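The values are calculated or read from the model by the stated rules, or taken from the named source; none is laboratory data. Values in this document were obtained by computation on a predicted structure and should not be read as measured data. Glycine also receives a Cβ, built like all others from the backbone with ideal geometry; neighbour counts cover every protein chain displayed.
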Amino acid sequence: MLLTFALATVKGVHRIVDSAWGAAFAAVAVVAWFLSAGYGDPARRTVVALATVVWGLRLAVHIARRGRGHGEDPRYARMLARAPGNPAVYALRSIYLLQGALVWLVSLPVQIAVLLPRSLDAAAAVGLALWAVGLFFEALGDHQLARFKSDPANKGRIMDRGLWAWTRHPNYFGDFLVWWGLYLTACATWQTAAAAVISPLLMSLLLIKGSGKRLLEAHMAGRPGYADYLARTSGFFPRPPRPPRSGDRPR
């Protein structure tokens, strides 16, 4: 994260920290894999590290592509405009060091799983299945939204198709499954399960109650049809959309 801070300071754009979020998890997984050589079960440590790298790099590349050609993220612009004292020092403390700490905490299951000498068990198998479903859900949701936005005819419209008809945040729900799945790969004993449980709990809190979801929905609130979309569609956990309320007009 310090390298990302230096690069962002030179470029004058802090939105690149969002891409660094996924890349940082991939880096932690690679380092943990190397350091666990001779300790953890070879199959478990390799599968868990690889799963984390795949998830992290996909997310990093997706966010980088989405932000290409855009200026500063309005969230960071507003935050730094209100910064007490030196904006760079404030950004380092409130964005980069905070995200670095979060990466370390959330990645605890990966750091623990690669050290486990026990071969892959039923809990790990269930966890990897959850990871796969979550990755598919997240990637498909991102793809559907990107395709929707690429059509000029959809400018100003609400994305309410595909997975977005079942949940307003399919990408967040996918992340939720990914990290509960990776947590299960670290649950070889009750001690390791207890040591790692902060990870999925923290990630769930960030995804369901975090500022990203609130800010996005506040930004969308004024768009025509968004109130109806809120009424029809789950805020997080997927479910079939509710039927339109009586009196609703088709958009």
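For Tyr76, the stated conditions hold: it is of a type in the set (Ser, Thr, Tyr), crowded, with 16+ Cβ neighbours inside 10 Å and assigned to a helix (DSSP H, G or I).
In this structure, is Arg45 of a type outside the set (Val, Ile, Thr), closer than 30 Å to Ala218 by Cα, in contact (Cβ under 8 Å) with a residue 60 or more places away in the chain and in contact with a helix residue (DSSP H, G or I) (Cβ under 7 Å, 6 or more places away or on another chain)? Against the criterion (of a type outside the set (Val, Ile, Thr), closer than 30 Å to Ala218 by Cα, in contact (Cβ under 8 Å) with a residue 60 or more places away in the chain and in contact with a helix residue (DSSP H, G or I) (Cβ under 7 Å, 6 or more places away or on another chain)), Arg45 does not qualify.
Quickly run through the stretch 34-53 and pick out the residues that are hydrophobic (A, V, I, L, M, F, W, C), under 16 Å from Ala124 (Cβ atoms) and under 25 Å from the mean Cα position of the chain (by Cα). Of everything in the stretch 34-53, those that are hydrophobic (A, V, I, L, M, F, W, C), under 16 Å from Ala124 (Cβ atoms) and under 25 Å from the mean Cα position of the chain (by Cα) turn out to be Val47, Val48, Ala49, Leu50, Ala51. No other residue among Phe237, Phe148, Phe136 is touching a strand residue (DSSP E or B) at 6+ places or on another chain (Cβ under 8 Å) and either under 20 Å from Leu59 (Cβ atoms) or touching a residue at least 60 places away in the same chain (Cβ under 8 Å) (or both) apart from Phe237. Scanning the stretch 173-183 for any residue that is modelled with pLDDT of 95 or more, in contact with a strand residue (DSSP E or B) (Cβ under 6 Å, 6 or more places away or on another chain) and buried (at least 18 other Cβ atoms within 10 Å of the Cβ) turns up at least one such residue.
The residue of the stretch 185-200 that is surrounded by the fewest Cβ atoms within 10 Å (Cβ to Cβ), among those that are in contact with a Phe, Trp or Tyr (Cβ under 9 Å, 6 or more places away or on another chain) and assigned to a helix (DSSP H, G or I), is Ala193.
Would you please name the residue that is modelled with the lowest pLDDT, looking only at residues in the stretch 201-226 that are within 17 Å of Ile158 (Cα to Cα) and surrounded by 13 or more Cβ atoms within 10 Å (Cβ to Cβ)? Only one residue fits best here, namely Leu215.
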